[in-house]
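The next block holds one structure in the form of structure tokens; read it before the comments.
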Amino acid sequence: MIEIGAQVDLSHPPDRVWLALTDRGLLGRWFAEAETVQGVLDRLLLHTAGLPGFEANVEVEVTERQVPELLVLACDEAGRLSEVTCTVTATKQGCRLELREVTTHGAWSAEQHEPREEQLRQSLTVRLPAILDWLAFQQVDLRRGDGGLTAELPLVGLRGKGPARARRRRHQLAAMLGGVVVFGGVAAWAALPDEPNRSAAPSSTPSLSPSPSGTLTSPTATRRATPSVRPSRTAASATARPSRSVSVQPSRPPTSAPPPSPRLTARYDTDSTRLFGYTGEVVVNNSAGVPVGDWSVVVTFAEGSTVDDVDGANWRQDGQAITFTGAAVPAGGSQTFRFDIRDNRPKARAPEGCTVGGKPCYGL
């Protein structure tokens with residue numbers, strides 16, 4: 001028994017992937033042209049002769065199906081028999097497609113095995129994602145006419161009349177509530193009153209100051225001596241105020257200065273790629289001893305790029321820059337978020353830039 005296998009993570013729903021597996025027209029676009037076998041029920045003929053690793057056309061019969069999760073095919077290539085199992089598993093980003101072919105009679109030569117497996121891998125990772133993206137962009141009704149893309153594999157019933165575009169847009173309410181809390185906290189901090197400036201008024205004790213004779217002056221004597229006392233009070237006030245301003249003001253800045261912001265770092269990685277798009281991942285790390293709740297990562301994408309899905313963060317787009325925010329990063333911990341990007345460059349593999357708090361992300 002010889003086995004050939006490949007798998008790919010796709011940012012498309014299982015129903016759309018199932019359609020690409022079972023529609024004859026779509027199958028011909030990403031793998032091989034197919035036609036029904038005259039007079040034989042439930043069979044197709046795949047025109048694989050000339051493809052790398054194939055010596056002849058393959059006759060295919062559907063033996064088991066569980067829409068949209070499992071498709072089993074019995075294959076006959078000029079007397080060499082094999083079984084192909086297609087498994088579709090839903091994921092957070094879309095679904096995972098795994099194809100496995102096992103020989104049941106006969107075997108492939110050593111010269112056939114590697115090219116055949118490479119042909120299958122190229123079909124799954126390059127041509128199939130391109131067809132799925134085309135379906136998503138076109139939003140066409142594939143059942144609106146006869147022939148072409150409307151003929152289906154025998155025994156395989158299709159669900160629905162077109163590709164679904166249900167996409168998650170989570171955490172938006174949490175973002176709004178979080179913004180209110182943060183704004184309220186900042187407003188409360190800004191509204192705290194400054195430390196009062198305690199500049200004491202000149203003392204009235206000169207009215208009780210000793211007289212030249214050594215006795216306390218009476219109120220009557222104080223009023224009579226007013227012209228001579230006022231200059232001495234003004235001089236006392238002028239000498240007292242500078243000394244008070246010097247002793248009070250240096251103590252205020254340490255009490256009102258905010259603590260330094262903890263240092264955050266971020267790392268970017270491309271999780272998976274496809275034609276006209278890729279899936280990116282950013283990990284925000286907090287090396288400080290306190291949690292950090294007010295953080296943002298700004299990722300710059302190529303012109304014309306769009307966000308297909310985001311998991312683990314809130315986001316807003318301004319031109320080519322997208323700002324990601326999320327839950328507080330715990331002390332000594334990290335926060336991770338992922339995003340799917342549709343890029344108009346066929347071989348794009350990463351964004352053009354990434355920063356956290358104005359500092360570049362690692363990995364780019």
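The values are calculated or read from the model by the stated rules, or taken from the named source; none is laboratory data. Here the structure is a predicted model, which means the values were calculated and not measured. In this analysis, Cβ positions are derived from the backbone assuming ideal geometry, glycine residues included, and neighbour counts consider all displayed protein chains. Please note that ligands, DNA and RNA were not included when accessible areas were found on the heavy atoms of the full protein model with its side chains. Shrake-Rupley method; radii C 1.70, N 1.55, O 1.52, S 1.80 Å.
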Total charge dipole magnitude, the range 1-127, about the Cα centre, Cβ charges on Lys, Arg, Asp, Glu only, Debye to nearest 20: 460 debye
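Can you give the accessible area per residue of the range 38-84, in Å², using a 1.4 Å probe?
Numbers: 2410 Å² over 47 residues.
Per residue, the range 38-84 has 51 Å² of solvent-accessible surface.
Can you give the net charge of the other residues whose Cβ lies under 13 Å from the Cβ of ILE4, counting K and R as +1 and D and E as -1? Display every interim value, and only then the final one.
Working: positive: ARG80, ARG100, ARG116, ARG121; negative: GLU3, GLU77, GLU83, GLU98, GLU101, GLU114, GLU117, GLU118.
Neighbour charge sum, excluding ILE4 itself: -4.
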Amide H to amide H under 5 Å from GLU352: which residues, 5+ apart in sequence or cross-chain, H placed 1.01 Å off N in plane? THR300, PHE301, ALA302
Residue-by-residue Karplus 3J(HN,Hα) for the range 348-361, coefficients 6.51, -1.76, 1.60, Hz, glycine and proline x: 5, 10, 6, x, 8, x, 7, 9, 10, x, x, 9, x, 7
Out of THR103, ALA130, GLY5, whose Cα points farthest toward the positive end of the dipole of the range 1-136 (charges: +1 Lys, Arg; -1 Asp, Glu; placed on Cβ)? ALA130
Which shape class applies to the range 38-119: rounded if a/c is under 1.5, otherwise prolate when a/b exceeds b/c and oblate if not, where a ≥ b ≥ c are the square roots of the Cα gyration tensor eigenvalues? oblate
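Return the loop-located trypsin sites (Lys or Arg not before Pro) in the range 256-364 (DSSP other than H, G, I, E, B) with at most 13 other Cβ atoms within 10 Å of their own Cβ; answer none if there are none.
Details: sites: ARG263, ARG267, ARG274, ARG316, ARG338, ARG342, LYS347, ARG349; in loops: ARG263, LYS347, ARG349.
Hits after loop and neighbour filter: ARG263, LYS347, ARG349.
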Once phi is turned into θ = phi - 60°, what whole-Hz ³J(HN,Hα) does the Karplus curve with 6.51, -1.76 and 1.60 give for every residue of the range 62-79, x standing for Gly and Pro? 7, 10, 7, 8, 9, 5, x, 10, 9, 9, 10, 10, 9, 10, 10, 10, 6, x
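Subtract the Cα-Cα distance of GLU35 and GLN138 from 0.36 nm times their separation in residues, and report this length gain in nm to one decimal.
Numbers: separation 103, 0.36 × 103 = 37.08 nm, distance 2.50 nm.
Taking 0.36 nm per residue and subtracting the Cα distance, the gain is 34.6 nm.
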